[in-house]
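Structure, as structure tokens:
The values are calculated or read from the model by the stated rules, or taken from the named source; none is laboratory data. Because the structure is predicted, anything quoted here is derived from the model rather than measured. FYI the Cβ positions are ideal-geometry reconstructions off the backbone, even for glycines, and counts take in every protein chain you see. Heads up: the accessible areas ignore ligands, DNA and RNA and are worked out on the full protein's heavy atoms, side chains in. Shrake-Rupley method; radii C 1.70, N 1.55, O 1.52, S 1.80 Å.
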Amino acid sequence: MFRILFCLGLIVCQSVVFSGFIYPKYDDSLILKWWQSGVIYQVYVRSFKDSDGDGIGDLHGLTEKIEYLKDLGVGAIWLSPIFKSPQYDIGYDISDYRDIDPSYGTLDDFDKLIDESHKAGIKVILDFVPNHSSHEHEWFKKSVKRIAPYTDYYVWKDAAKNEKGERIPPNNWLSVFNSGSAWEWDEERQQYYFHQFLVQQPDLNYRCPALVEEIKNVMRYWLDRGVDGFRFDAVPALFEVENLMDEPKSSKSDALPTDYDYLDHPYTQDQPETFDMVQQWREVLDSYENKGSDVTKFFMVETYSPIDKIMKYYGTDARPGAHFPFNFFFIQQFNRQSNASKAIDIVASWLDNLPAGKWPNWVFGNHDQPRLASRLDSNLVDGIHMIQLLLPGTTVTYNGDELGMENTFIRWDQTVDNAGLNVGSSRYQLFSRDPERSPFIWNDDLNAGFSSAKKTWLPVDPSYWINNVEAQSYTNSHLKVYKQLVQLRKSKTITHGDLQLFEASEWVFGFIRALEDYPTYIVVVNLGSEYESIDLQKIRPTLPRYLRAKIYSINHSPDVKLDDEFLSSDIRLTPKSSYVLTTADIIENDTTDLK
Ligand code: NOJ
Ligand code: MG
């Protein structure tokens with residue numbers, strides 16, 4: 001759908017000179033599905049709301065907070081893993097795919113959460129971990145003992161021998177969590193098993209048909225229970241080459257030989273069989289839609305792969321894959337040095353590579369990445385949300401980012417993430433993901449209202465007494481800006497309008513969303529540290545002489561008010577500030593086109 005119409009520089013369209021990239025509008029008759037129009041909000045359950053005072057967030061706590069989610073306006077929640085797990089990788093090591101971990105509640109609590117969410121018009125998406133289970137899973141225990149049908153459920157290989165005839169792993173493959181070899185010897189079975197992640201996360205074997213069917217049955221189990229879709233974890237890691245070729249050394253000079261980055265990973269990532277498996281999973285999901293319900297069962301896949309590989313996860317028209325693979329470009333490529341042209345490149349590269357008819361998405365944070373406010377700039381939070389929520393496509397928000405939550409400093413003695421613990425006290429801050437997983441900040445009560453426990457599983461951010469949901473409800477805040485943007489997203493211009501990306505100056509990135517007969521919206525974000533004055537007439541001469549601010553960042557110039565008129569040839573932006581400007585007369589209320 002998104003084919004670039006015109007290239008860089010000045011282009012001529014309907015005899016008017018526009019500057020920048022233009023992407024066409026969607027067909028008016030396109031009716032967006034729930035996963036396209038709604039915001040998908042990632043709930044890190046362990047840190048969201050603790051209802052039983054054990055310092056760990058749980059399902060009942062989350063159910064209590066549905067009102068907050070409804071008020072926020074999100075269309076779906078994606079829950080980080082809640083299945084039974086010994087928690088070596090905080091739930092990404094599942095010991096029973098068909099049960100809830102007791103620290104999060106029971107299956108009854110889960111059913112209640114689904115019911116209450118659905119009543120509130122919110123869909124529920126589960127995190128699904130197909131690449132590996134826990135070493136405590138019954139399947140693994142039986143596989144060790146070669147009990148059918150589990151014998152080949154995992155990737156088992158014989159040992160190799162060194163010159164001295166001693167046992168060594170089958171090849172040089174490394175674990176993602178920087179603990180050296182991805183192979184672990186099992187005394188009982190007298191073979192090595194493969195684990196891309198922790199030793200406690202043995203990889204499942206997708207070359208075993210019984211395992212493939214088992215996983216599909218787990219999907220069906222949760223779909224039958226009423227879930228609306230899945231986020232599939234670590235999908236590129238599903239298959240490895242069968243000839244066990246050594247992986248080549250990477251060019252990353254600061255990586256230690258035990259670090260994952262020490263090698264490139266052509267033989268353990270994005271294998272051709274993986275794309276086919278994703279298409280098979282889509283068939284399982286679509287079989288539900290075809291059963292008569294017109295409600296899509298949805299899935300998105302996690303991948304940090306190169307662009308050509310990422311796009312293959314969408315599948316083809318004949319054999320679709322994921323509804324979308326996550327777009328992490330703004331996490332991977334955008335930083336404090338990035339200017340407007342970089343922002344354009346990032347947006348354009350996704351849209352230009354998108355296969356025809358497929359749907360874009362924008363992700364700025366998750367539980368594995370430093371918080372966006374810390375990674376970029378806390379002053380830029382509103383501008384980032386304008387970009388994320390008003391570009392065409394689905395927005396995926398990590399809980400707390402709507403408040404501009406920052407990384408919490410976690411001392412070495414408080415560290416629980418094995419990705420940090422594995423590398424020792426001198427390097428843990430490079431790898432630990434604890435800082436972005438600290439408890440949600442609800443109010444200024446004990447533990448920010450997250451829990452009544454004396455000690456929570458990770459410390460609450462010390463700034464909670466001043467910065468929390470309640471405090472942000474009283475003043476002009478990131479939370480309020482976020483909510484306004486979620487509402488504006490529903491307007492026909494944003495759901496169906498065309499997109500013009502532009503660079504108003506080296507540091508002011510912007511875009512225009514326009515649709516005939518509807519108000520035009522212009523987003524301008526000052527990524528820089530200086531005061532800027534820009535001329536939008538140069539970007540789009542058909543804009544009226546005056547515009548109004550529909551939404552403005554909390555760090556906007558203090559003398560600007562919502563109903564002020566802006567001279568479109570002279571828009572002024574304080575450092576890191578941003579606006580959504582409109583051609584509509586907002587006093588007369590331009591929200592009539594909201595669905
Ligand atoms: C990606 C998940 O987001 C991360 O938290 C986890 O550690 C790995 N996959 C392994 O499952
Ligand atoms: Mg609890």
* To do: Kindly provide the set of residues from the range 102-134 that are over 23 Å from the mean Cα position of the chain (by Cα) and either assigned to a loop (DSSP other than H, G, I, E, B) or away from ligand 2 (no atom under 16 Å from the Cβ) (or both), ordered by number.
  => Pro102, Ser103, Gly105, Thr106, Leu107, Asp111, Asp115, Glu116, Lys119, Ser134
* the range 454-466, residues that are in a loop (DSSP other than H, G, I, E, B), buried (at least 16 other Cβ atoms within 10 Å of the Cβ) and away from ligand 1 (no atom under 16 Å from the Cβ) -> Thr456, Pro459, Val460, Asp461
* Looking only at the range 394-410, decide whether some residue is in contact with a Pro (Cβ under 6 Å, 6 or more places away or on another chain), away from ligand 2 (no atom under 16 Å from the Cβ) and open to solvent by 40 Å² or more (accessible area, probe 1.4 Å). => yes
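Let's see how each residue does on (1) of a type in the set (Asp, Glu); (2) over 27 Å from Asp58 (Cα atoms); (3) touching an Asp or Glu at 6+ places or on another chain (Cβ under 6 Å); (4) at pLDDT 95 or above:
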site	(1), (2), (3), (4)
Pro355	no, yes, no, yes
Ser378	no, yes, no, yes
Asp382	yes, yes, no, yes
His385	no, yes, no, yes
Leu403	no, no, no, yes
Thr408	no, no, yes, yes
Gln414	no, no, no, yes
Arg437	no, no, no, yes
* When only residues in the range 485-532 that are aromatic (Phe, Trp, Tyr) and over 24 Å from Leu32 (Cβ atoms) count, which is surrounded by the most Cβ atoms within 10 Å (Cβ to Cβ)? -> Phe509
* Got a number for residues in the range 231-243 being farther than 30 Å from Tyr41 by Cα and either open to solvent by 60 Å² or more (accessible area, probe 1.4 Å) or within 16 Å of ligand 1 (Cβ to nearest atom) (or both)? -> 3
* Structure fact -> Flagged in the range 306-322 as open to solvent by 10 Å² or more (accessible area, probe 1.4 Å), in contact with a helix residue (DSSP H, G or I) (Cβ under 9 Å, 6 or more places away or on another chain), assigned to a loop (DSSP other than H, G, I, E, B) and not basic (Lys, Arg), in numbering order, are Thr316
* Asked: How many of the residues making up the range 137-163 are part of a loop (DSSP other than H, G, I, E, B) and either in contact (Cβ under 8 Å) with a residue 60 or more places away in the chain or in contact with a helix residue (DSSP H, G or I) (Cβ under 7 Å, 6 or more places away or on another chain) (or both)?
  -> 5
* To do: Taking the options Asp203, Asp246, name whichever one is touching a residue at least 24 places away in the same chain (Cβ under 8 Å), of a type in the set (Asp, Glu) and within 14 Å of ligand 1 (Cβ to nearest atom).
  => Asp203
* From Glu136, Glu188, Glu214, Glu166, which residue is open to solvent by 20 Å² or more (accessible area, probe 1.4 Å), away from ligand 1 (no atom under 14 Å from the Cβ), at pLDDT 95 or above and within 30 Å of Glu283 (Cβ to Cβ)? -> Glu214
* Do you know which residues across the range 326-344 are surrounded by 13 or more Cβ atoms within 10 Å (Cβ to Cβ) and of a type in the set (Lys, Arg)? -> Lys342
* When you scan the range 173-195, how many residues do you find that are of a type in the set (A, V, I, L, M) and assigned to a loop (DSSP other than H, G, I, E, B)? -> 2
* To do: Enumerate the pairs (first residue in the range 427-438 and on the phi < 0 side of the Ramachandran plot; second residue anywhere and basic (Lys, Arg)) with beta-carbon separation below 7 Å, excluding pairs fewer than 6 apart on the same chain, so at least 6 apart or on different chains.
  => Glu436/Arg371
* To do: Name the single residue, out of those in the range 84-101 being within 16 Å of ligand 2 (Cβ to nearest atom) and not acidic (Asp, Glu), that is farthest from Lys123 (Cα to Cα).
  => Gln87
